[in-house]
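Quick notes on the structure that follows.
Read-outs throughout are calculated quantities, based only on the coordinates presented, and are distinct from any laboratory measurement. Computed from a predicted model, the values in this text were never measured in an experiment. Virtual Cβ from ideal backbone geometry, glycine too; neighbours counted across all protein chains shown.
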Protein chains: 2
Amino acid sequence: MDVTLAAGSAWTDPACPVARTVDLIGDRWSLLIIRDAMDGATAFTEFHQRLGIARNILTDRLRKLVEHGILDKSAATDGRRHTYRLTEAGQDLFTAVVALRQWGERHAFAPDEPHSVLVDGHGRELPELRPLGQDGAPLSAEASHVRKTV
Amino acid sequence: MDVTLAAGSAWTDPACPVARTVDLIGDRWSLLIIRDAMDGATAFTEFHQRLGIARNILTDRLRKLVEHGILDKSAATDGRRHTYRLTEAGQDLFTAVVALRQWGERHAFAPDEPHSVLVDGHGRELPELRPLGQDGAPLSAEASHVRKTV
DNA sequence: TCCGATAAGTTTCAAAATGCAACCTATTCG
DNA sequence: CGAATAGGTTGCATTTTGAAACTTATCGGA
């Protein structure tokens, strides 16, 4: 496999996986496109209507997400639509989307403000996601550190 | 508590926690500032040097992160520095940072490309983070859905 | 077969965000 | 006191984003 950013542009911090991920999907719209794809959106117009994004920007973001292997574009059966579907790598962003969602639920709403909720197949809210150490105990940022590779 | 975006701007999608989180930290730099804060950075110059960000943009992002309750700014003891520290809400982004990091490790590097690694206090790599249903079984995007609130 | 509606863009141009470099101010150290 | 360091601010050029109009292709019905 070969992972690249757009031609002529470079990674912000080539050795850091967080930075690479931000380079790929860390703009105002990409993650919301992915969120809507996870919620069933597949057509250009569908993304456009759900997000209220400018059409030229949507065109650009869909193209980049396809380029980066996060979405797959194909002709829909009726011939006048295209279908955008999450690739395996795109579906694998589910964990990150859930983490951002849960943080938002905890910190981006006033206590009495309503917000949408992510539920499992039985309509039950998901448990909170939390990093664990190898010993199975919850791990905090201070208890971990980044090991740089040569 | 009262959560707000900058004066004069509105939430992209007020009911969605993912969208609110993206509105707060979904730009090219904020998440990397948070990453470096988690890795021990506290001073303006430190962030500037690690990130290679323009100084005026860094000023703006630090101010916004403080405004949003993610960083806390205080005068350092030596009198000529300021200290930026993650608030509790900021530390709580650890889960999201780990999720984005792990996705990057899996999908943003070629198999032979080296990258930095996040390790626990004993130098052991973290296990993979994965959303679970209430029954404790791994949950995929298709097996879940967003319940909208009125 | 022609017609209107729908889908998926592209183009144009204005506005906002970003980046670079120079400048500024306070503090501390020698 | 003077130089160095920290943490900015300002001005200006470049890049990105956004709104709206225009384009092309397809489909379904009259």
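A few remarks follow.
- When the stretch B:64-112 is filtered for residues that are in a loop (DSSP other than H, G, I, E, B), touching a Lys or Arg at 6+ places or on another chain (Cβ under 9 Å) and within 16 Å of DNA strand D (Cβ to nearest atom), only B:ILE70 remains.
- Lone qualifier among A:ALA15, A:ALA7 - being surrounded by fewer than 16 Cβ atoms within 10 Å (Cβ to Cβ) and not in a helix (DSSP H, G or I): A:ALA7
- Tally, over the stretch B:102-128, of residues that are over 20 Å from A:ASP135 (Cβ atoms) and within 7 Å of another protein chain (Cβ to nearest Cβ): 12
- Residue check for B:ALA99: in contact with a Ser or Thr (Cβ under 7 Å, 6 or more places away or on another chain) and within 14 Å of DNA strand C (Cβ to nearest atom): no
- Test: residue in the stretch A:10-19 that is more than 13 Å from the chain's Cα centre (by Cα), within 12 Å of DNA strand C (Cβ to nearest atom) and free of Cβ contacts under 8 Å to residues at least 12 places away in the same chain: yes
- In the stretch B:62-86, the qualifying residues are those that are more than 8 Å from DNA strand C (Cβ to nearest atom) and charged (D, E, K, R), and the one that is nearest to the other protein chains (Cβ to nearest Cβ) is B:ARG85.
- Subset of the stretch B:14-26 [at the interface with another protein chain (Cβ under 7 Å from one of its Cβ atoms) and within 13 Å of DNA strand D (Cβ to nearest atom)]: B:ALA19, B:VAL22, B:GLY26
- Hits in the stretch B:28-45 (condition: near DNA strand D (Cβ under 9 Å from one of its atoms) and either within 11 Å of another protein chain (Cβ to nearest Cβ) or surrounded by 16 or more Cβ atoms within 10 Å (Cβ to Cβ) (or both)): B:ARG28, B:THR42, B:PHE44
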